[in-house]
Amino acid sequence: MDTLKSEIAAVAARMVVEEGLEYGAAKRRAVKQMGLPVRTALPGNDEVEDAVIDYIAVFCAETQPGELLALRRLALVWMERMIVFRPHLGGAVWHGTATRLSDIYIQLFCDDSKSAEIALIDHHVAYVPRTVTGFTGGSVEALSLHARCPELGEEVGVHLLIYDHDDLRGALRPDAKGRTPRGDVSAVRALLHDSGP
């Protein structure tokens, strides 16, 4: 990666960790903050993630592991609540780069796209329906809500992304770094078990 892209990635990483921005928004804001042209070539998400890992190691090494553990525990609670929809955890909480400002992203693989929404309504859970870009590049419905995280003492954004049941086949292909891009309930339980008490 060239020097300018590395600098953009480093500035974006700080925004991701300190402000809870998503990678795309952080990269665009980094370009603006650095006074660069709008069309400046941006680093990829993998480069930003590497910079986030570096930033956490230097500035958040004492606090981030506990915050990540709290978010993974909260994610598991929601995954267990939505177990009939084959939940898979993705994003920073799955990959281990989340901090207290990170949101939780859970992908649901449903036979009927409205069934997860009906489940939330039946349990009187307030949510906001949105359309976001999914892992296949197309638009998917997201049900966004706020959940209390007792360990952090604050509200955390939880986003339930609704996919067709058939999308699960392609969902577990390794990413560019050779990692599993998301994990099911048993995989998240294993992460928590490996993290200690």
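Here is how the numbers come out for the structure above:
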| quantity | calculated |
| --- | --- |
| Förster radius 30 Å - calculated FRET efficiency between F59 and E151 (Cβ-Cβ, nearest 0.05) | 0.90 |
| Unsatisfied cross-links (Cα-Cα over 22 Å) in the set K27/K114; K114/K177; K27/K177 | K27/K114; K114/K177 |
| Neighbour-count order for T3, T99, fewest beta carbons within 10 angstrom listed first | T3, T99 |
| Förster-model FRET efficiency, 35 Å R0, E18 and I83, C-beta, rounded to 0.05 | 0.55 |
| Rounded, prolate or oblate (a/c below 1.5 giving rounded, otherwise prolate when a/b exceeds b/c) for segment 64-194 by Cα gyration tensor | oblate |
| Candidates K114, K27, K177: whichever shows maximal mean-square fluctuation once the chain is modelled as a Gaussian network with Cα springs under 10 Å | K177 |
| Relative exposure of I83, I53, judged by other C-beta atoms within 10 Å (fewest first) | I83, I53 |
| Ascending count of other beta-carbon atoms within 10 Å, so fewest first, for S102, S195, S139 | S139, S195, S102 |
| GNM result for the chain, Cα springs below 10 Å: residue of Y163, Y127, Y105 fluctuating most strongly | Y127 |
| Charge tally in the Cβ shell below 14 Å around R179, where Lys, Arg are +1 and Asp, Glu are -1, R179 excluded | -1 |
| Net charge dipole size for the chain [Lys, Arg +1 and Asp, Glu -1 on Cβ; Debye, nearest 20] | 260 |
| Extension gain (nm, one decimal) between L4 and T131, 0.36 nm per residue minus Cα-Cα | 42.5 nm |
| Neighbourhood net charge (12 Å Cβ-Cβ; Lys/Arg +1, Asp/Glu -1) for L69 | 0 |
| Antiparallel DSSP beta bridges within the chain, percent to nearest 5 | 75 |
| Dipole-positive endmost among A9, M34, I53 within segment 3-59 (Cβ charges, Cα centre) | M34 |
| Length gained when the stretch A176-D46 is fully extended (0.36 nm per residue, less Cα-Cα span) | 46.0 nm |
| Mean Cα-pair separation over length for segment 64-194, i.e. relative contact order, pairs under 8 Å, 6 or more apart, % | 29 |
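Rule-based calculations on the coordinates, nothing more; no lab input. Keep in mind the model is a prediction, meaning the values are calculated, not measured. When we count neighbours, we look across all protein chains shown, and the Cβ atoms used for this are built from the backbone with ideal geometry, even at glycine.
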